[in-house]
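Below: the structure, in structure tokens.
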Amino acid sequence: MAEDGGQDPKTRQILNAAAAAFMEHGFGPASVDLIARNAGVSKATVYTRFASKEAMFEAVVERERQRRHLDDVLTGSHPDFEARLRAWAEGMVEVFTSPVTAKVYRMVVAESPRFPELGRAFYRSAPQASRERLARQLVEHGAAAGLAIDDPMQAAADFIGLLRGDLQLRVLLDVEHQPDANRIHAIADHAVRLFLKAYRA
């Protein structure tokens, strides 16, 4: 999977500065002027790479998604699709419940009414991207794994919903913190078993 090394240095500087500014100040107060200043580039340089602040935010989210290598887990060389699905499920539960994810979700929900494209950009680069990648894997490997799936996108949404449960909501509301590795494994295992039972041919 592509890492920061695949980006030119100025783009990397801008994304680093943008990520820090969004996390510290929120989307609205994190102005392009502030991001450019912290990145050590001109505002014009920012706009030659990103058409808008929302596009910059989307690139930050996509970069973080790539860094987690969950696509590699799902599409890896392990011959057992169920094993890859379980490993991906554990990674997704860890992402859903991480403090950084919770902070980003809260920011997006709070600021989307003022910046509608923010919510759309986040949805495209995170929830929708994950759902589409899982759906493609279900199309490619589902039948061989004994699954009968008529609507891959719906099946992907079903599985991701099982992983989220109400745990992510509890984390977002600060009712509960990120679970430990054993609980993450148990949550993922439960979701996989229910999903396979529902979709076995």
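The values are calculated or read from the model by the stated rules, or taken from the named source; none is laboratory data. Given the structure is predicted, the values throughout are model-derived calculations rather than measurements. All Cβ positions, glycine included, derive from the backbone under ideal geometry; neighbour counts span all protein chains shown.
Only helices (runs of 4 or more DSSP H) whose full extent lies in the range 78-166 are considered here, and none of them has at least 2 residues that are at positive phi. Scanning the range 172-197 for residues that are over 19 Å from Asp80 (Cβ atoms), under 20 Å from the mean Cα position of the chain (by Cα) and part of a helix (DSSP H, G or I) gives Leu172, Ala181, Ile184, Ile187. The residues on offer are Pro179, Pro127, and the sole one that is within 18 Å of Val93 (Cα to Cα) and touching a residue at least 60 places away in the same chain (Cβ under 8 Å) is Pro179. Contact map, the range 150-175: first residue more than 12 Å from Thr97 (Cβ to Cβ), second residue part of a loop (DSSP other than H, G, I, E, B), Cβ cut-off under 8 Å, separation 6 or more or different chains; pairs are Pro152/Gly142; Ala155/Gly142; Ala155/Ile149. Could you tell me whether Ser125 is among the small types (Gly, Ala, Ser), under 12 Å from the mean Cα position of the chain (by Cα) and buried (at least 18 other Cβ atoms within 10 Å of the Cβ)? Answer is yes for this residue.
To keep it simple, each residue is scored yes or no on (1) at pLDDT below 95; (2) of a type in the set (Ser, Thr, Tyr); (3) over 29 Å from Phe57 (Cα atoms).
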site: Asp80; (1), (2), (3): yes, no, yes
site: Phe96; (1), (2), (3): yes, no, no
site: Pro99; (1), (2), (3): yes, no, no
site: Gly119; (1), (2), (3): yes, no, no
site: Arg124; (1), (2), (3): yes, no, no
site: Ala129; (1), (2), (3): yes, no, no
site: Ala144; (1), (2), (3): yes, no, yes
site: Ile149; (1), (2), (3): no, no, yes
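Among the residues making up the range 27-78, those that are β-branched (Val, Ile, Thr) and either under 23 Å from Arg114 (Cβ atoms) or crowded, with 17+ Cβ neighbours inside 10 Å (or both) are Val32, Ile35, Val41, Val46, Val60, Val61, Val73.
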